[in-house]
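Just below is one structure, and these are the notes that go with it.
The values are calculated or read from the model by the stated rules, or taken from the named source; none is laboratory data. The structure displayed is predicted, hence computed values, not measured ones. Note that we place each Cβ from the backbone using ideal geometry, even for glycine, and neighbour counts take in every protein chain shown.
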Amino acid sequence: MARTPTTARESAGRRTAGLIVVAAIYVIGVGVVVLWPTPVTAHFEALLGRMHGWLPWSDKALEFGANVLMFVPAGLLAGLLLPPRRRWLAVVGGVLVSVLIEFVQGELLPDRFASVRDVVANSGGVLVGVVVAIVLRHRRRRRGPEGARAQHPGDRRG
């Protein structure tokens, strides 16, 4: 039995559904990390102690970088799911969610503490993710429907 070719709309719908599933799993994972009652790094002290000897960064820089990296997928997913003119909402939403996370950690989790530094790192990660999404969308738009590079006026390649 021959399969009928999928339309661009069906393909986009599947891609969007897949991104939503990935986003849901990501949100659950980050939720566990940020709402864990004790600092997550406490579970990795032995590993971090060993890494400290061969990494040139301080513990604060490592934590900052980890927070940035943890929120890059949030910006990437939001940037891919939101329409181009609404991507700024991903950055604003990332800042607001980060502030909310720090509020909850500072006020409701006695062994955690709130940090403006974390808000900056988390927000920076979202911004990086949105920029990556914009670049990916731009590159995808430049390619034709079959994945081949679309011919643009002035493009001399054949």
Considering only residues of the stretch 23-70 that are exposed (fewer than 12 other Cβ atoms within 10 Å of the Cβ) and closer than 17 Å to VAL120 by Cα, which is modelled with the lowest pLDDT?
-> LYS60
Could you tell me which residue of the stretch 115-129 is surrounded by the fewest Cβ atoms within 10 Å (Cβ to Cβ), considering only residues that are more than 14 Å from GLU63 (Cβ to Cβ) and among the aliphatic types (A, V, I, L, M)?
-> VAL128
